[in-house]
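Visitor: My questions all concern the structure below.
Nothing in this text is a laboratory measurement; each read-out follows from the coordinates by a stated rule. None of these values were measured; they are calculated from a predicted model. Reconstructed Cβ throughout: ideal geometry from the backbone, glycine too, with neighbour counts over all protein chains shown.
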């Protein structure tokens, strides 16, 4: 089973809200997922929250992140490094 780390759309029409999930790459965009790794709200100035431990675990197991999720991971890593 190939695992993808990607966005799962939630929210209403014209008010998108996303959950960052680990899912089987064959599953539908908003279908079944394995685990929730964080959230992303583009309407609130790109507010996001990621659990980097879970993300690293899945990447270590061979999961592939989508382009958008990759950029969120980079931003989160940069924010954690700046806080230290």
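Visitor: Using Cα-Cα distances under 8 Å and only pairs 6 or more residues apart, what relative contact order does the stretch 3-83 have, in percent?
Guide: Numbers: 126 pairs, mean separation 22.3, N = 81.
Relative contact order of the stretch 3-83: 28 percent.
Visitor: Using C-alpha positions alone, give me the convex hull volume of the chain per residue in cubic angstrom.
Guide: Hull volume normalised by residue count: 89 Å³.
Visitor: While we're on this one: Could you give the nm distance between label points at residue 2 and residue 45, where each point is 7 Å from its Cα heading toward the beta carbon?
Guide: Computed distance between label sites residue 2 and residue 45 equals 3.8 nm.
Visitor: Here is a follow-up. Roughly what % antiparallel, to the nearest 5, for the DSSP beta bridges in the chain? Don't skip to the answer; put the middle values down first.
Guide: Working: 19 of 21 bridges.
The antiparallel fraction comes to roughly 90 percent.
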